[in-house]
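The values are calculated or read from the model by the stated rules, or taken from the named source; none is laboratory data. Predicted model, so just to flag it, every value in this text is computed and none were measured. Cβ coordinates were reconstructed from backbone atoms using ideal geometry, including for glycine residues, and neighbour counts include every protein chain displayed.
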Amino acid sequence: MSRPLPPKFELDPDLVLRAYAMGVFPMADHRQAPNVYWVEPKLRGILPLDRFRLSRSLRKTILADRFRVTVDQAFQQIMQLCAESTSDRPDTWINGPIERAFVELHRRGFAHSIECWDGDRLAGGLYGLALGRAFFGESMVTRVRDASKVAFAHLVARLKAGGFTLLDCQFQTDHLATLGAIEVPRDDYVALLVSALGEDSAGLAAGSPSVSGDFFSLDRAPDPAEGAETVSGPLSLKVIAQLLGHTS
């Protein structure tokens, strides 16, 4: 006599939103793991938006328009690319329940992606979650040199243009440190998070958070007095260069 299969674990998207609002995020042991666990680091990696380090080589790559950059055009493909095993990363923490929850959050307008294309090929990008004036970077990936760096630069420029105050990187890495990321104690991070969420904190507690509509819907230059137009779509190269400022 066969035994019934256990029910498939599903990660509630509303629970995910409430967890992020408290400074907690889900991870899995590996791609095929059936469940997730919750993480709250004692030291949190963040990137102060005014401390982003734009190298001369990266600035040159951006201005050369080497990649076609899009936003929210291939969200699930970016997630799947981030979850793929590679020679230097045989497994990842993005399992099925996490992927399905974030695809639903993308459908609701909370989760977003930035994609870099080399012709018709998806060369790399990143994805994350936006709440209030906070963006929680989840993962980034590159299949062509500098693709993830270009996507990250676009992300920082967009967050600055949109008035965001917190870019959460979760964990500090050597690579993120070269871009300007730092570590802060848990209490300092929570204070930054509460400030960034603002009115969304009450909505999350009540189970009805608002959508951060400005994240990918509007692009604007840093100084409207200069006659810049408000447009939809990816930020222009000129605006990115202005927003990111000096090089290191």
(Q) Looking at segment 43-61, I want the residues that are under 24 Å from ALA134 (Cβ atoms) and have a partner that is at pLDDT below 85 and β-branched (Val, Ile, Thr) with Cβ atoms under 6 Å, at least 6 apart or on another chain. Which pairs are those? (A) LEU54/THR247
Q) Out of SER139, SER148, which single residue is hydroxyl-bearing (Ser, Thr, Tyr) and closer than 30 Å to LYS8 by Cα? A) SER139
(Q) For ASP12, only one of the following conditions fails: (1) in contact (Cβ under 8 Å) with a residue 60 or more places away in the chain; (2) exposed (fewer than 14 other Cβ atoms within 10 Å of the Cβ); (3) charged (D, E, K, R); (4) over 30 Å from ASP188 (Cβ atoms). What is its number? (A) (4)
Q.
Looking only at segment 159-170, filter to residues that are more than 20 Å from LEU81 (Cβ to Cβ) and in contact (Cβ under 8 Å) with a residue 60 or more places away in the chain; which one of those is surrounded by the fewest Cβ atoms within 10 Å (Cβ to Cβ)?
A. THR165
**Q.** Residue identified as in a loop (DSSP other than H, G, I, E, B) and at pLDDT below 90 among ASP91, ASP29, ASP50
**A.** ASP91
Q: Could you grab me the full set of residues in segment 163-190 that are within 16 Å of PHE136 (Cβ to Cβ), aliphatic (A, V, I, L, M), assigned to a helix (DSSP H, G or I) and out of contact with any Cys (no Cβ under 7 Å at 6 or more places or on another chain)?
A: VAL190
Q: For segment 52-105, enumerate the residues that are over 27 Å from PRO26 (Cα atoms) and under 17 Å from the mean Cα position of the chain (by Cα).
A: VAL69
Q. From the set of residues in segment 188-206 that are charged (D, E, K, R) and at pLDDT below 95, which is nearest to the chain's Cα centre (by Cα)?
A. ASP200
(Q) From the list GLU115, GLU99, GLU104, exactly one residue is touching a Ser or Thr at 6+ places or on another chain (Cβ under 6 Å) and of a type in the set (D, E, K, R). Which is it? (A) GLU115
Q: Evaluate segment 138-161: report whether one residue or more is among the β-branched types (Val, Ile, Thr), part of a strand (DSSP E or B), at pLDDT 55 or above and under 23 Å from PHE75 (Cβ atoms).
A: yes
Q: Go through segment 80-127 and count every residue that is buried (at least 19 other Cβ atoms within 10 Å of the Cβ) and either of a type in the set (Phe, Trp, Tyr) or touching a residue at least 40 places away in the same chain (Cβ under 8 Å) (or both).
A: 23
Q. Of the numbered conditions (1) touching a residue at least 40 places away in the same chain (Cβ under 8 Å); (2) farther than 28 Å from ASP91 by Cβ; (3) of a type outside the set (Asp, Glu), ALA64 satisfies every one except a single condition; which is it?
A. (1)
